[in-house]
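The values are calculated or read from the model by the stated rules, or taken from the named source; none is laboratory data. As the structure is a prediction and not an experimental result, all values here were calculated from the model. Positions of Cβ are generated from backbone atoms using ideal geometry, with glycine treated the same way; all protein chains shown enter the neighbour counts.
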Amino acid sequence: MRLVTFRLLTLAAALLTATACGSSTGGGSTGTVDAGPTGSTTGDKSTNSGAVTAKGSDGKSTSVNASAAASSGSTSGTQKLGAMATDKILTLYISDASSLITITIDTDKNPLPATGIKAGDASSGAFVTYVGTAGSFTSDGSAGTIDVSNCPSDANNTVTVGKLDGVVVSGVAATGQASLTLDGTFNLVYFGGYGNLKCTAPVVATADASSTDVGSTAGGTCGYQVCADNSKNCCPYLPCLTQCQLDCANTANNCTIACASNPADMNCPMKCATDASTCFDGCFGKCNVTDSCKTVGNAFFTCSNKADQASCAGKTDNDKLSCEVDACCAEAKAAF
């Protein structure tokens with residue numbers, strides 16, 4: 001549903017972070033890339049499950065235990081169980097018949113995979129909410145961490161295995177509890193969304209900056225630095241578009257959180273998704289992106305799509321991005 005030009009700028013942002021076609025530093029570099037798994041994937045890709053204990057300040061405990069077959073509808077409806085993304089935001093849902101736990105991670109601030117992510121308040125890069133018979137609670141940053149085993153991608157419905165470790169949540173209690181402490185594990189399958197998650201990249205070889213090869217399909221040969229010349233067609237708009245898209249993602253995330261407090265509204269999650277798509281598409285007008293940028297950007301998008309079906313088929317992450325740029329070097333240079 002996103003405009004073609006949105007993927008164009010997403011690719012540009014990935015290029016800027018991953019330096020997939022940047023100057024050589026001698027041996028290799030590390031950085032971040034968008035929407036790709038890293039490391040080995042563990043867990044059950046066919047099933048969403050979670051087992052979390054919520055211990056009250058009075059010492060009494062209640063449990064949230066859930067297990068269901070993974071499907072593309074796992075994160076819709078009132079009983080959410082699974083993983084989804086809104087731009088850089090990864091949201092994990094664990095729910096049973098009476099409770100819903102929502103884990104939200106801004107991968108711009110916490111690239112994945114990661115262990116020991118601090119569960120903060122709603123304005124932090126990662127937080128946890130609990131809505132159930134005990135009341136409505138949100139992590140306040142006082143204690144607790146989140147582990148996430150990998151950075152999911154919709155390319156292969158990656159399973160995300162992790163845990164909550166001593167996460168303290170406080171808020172509006174229905175049973176007199178001032179706070180709850182959440183401990184448990186989850187196995188959640190990612191089926192996408194408006195995903196542009198930031199993942200920790202493996203060490204990869206960088207391009208040869210002295211290369212002048214244009215249109216080559218060989219790995220790492222394009223040899224130019226993205227937006228080194230800021231007058232290139234699309235370069236002036238990247239800061240504005242990046243901020244605009246982040247604002248859209250934050251708004252969509254807050255909308256999703258609000259849905260959790262009103263589970264009877266079945267249309268709420270779809271409205272959040274629709275509003276997010278409209279917001280993303282509106283960024284190009286808001287940032288006054290020129291037709292010349294859109295023209296050369298779409299040319300790069302079209303070329304990279306063809307490369308994905310040919311010379312870049314089967315590649316992932318940095319290898320795929322570098323392959324696309326090498327196959328569409330002239331188009332990439334014209335845009336960025």
Just one listed residue, out of G125, G132, G144, is out of contact with any helix residue (DSSP H, G or I) (no Cβ under 8 Å at 6 or more places or on another chain) and surrounded by fewer than 18 Cβ atoms within 10 Å (Cβ to Cβ), and it is G125
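Residue-wise test of (1) of a type in the set (D, E, K, R); (2) over 23 Å from A134 (Cβ atoms).
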site	(1), (2)
T53	no, no
K60	yes, no
A69	no, yes
S72	no, yes
K80	yes, no
T86	no, yes
D96	yes, no
Counting only residues in the range 265-280 that are within 22 Å of A122 (Cβ to Cβ) and exposed (fewer than 14 other Cβ atoms within 10 Å of the Cβ), the one modelled with the highest pLDDT is identified as K271
**Request:** Might you check whether a residue that is under 22 Å from C268 (Cα atoms), out of contact with any Asp or Glu (no Cβ under 6 Å at 6 or more places or on another chain) and either β-branched (V, I, T) or not in a loop (DSSP other than H, G, I, E, B) (or both) occurs anywhere in the range 69-77?
**Result:** yes
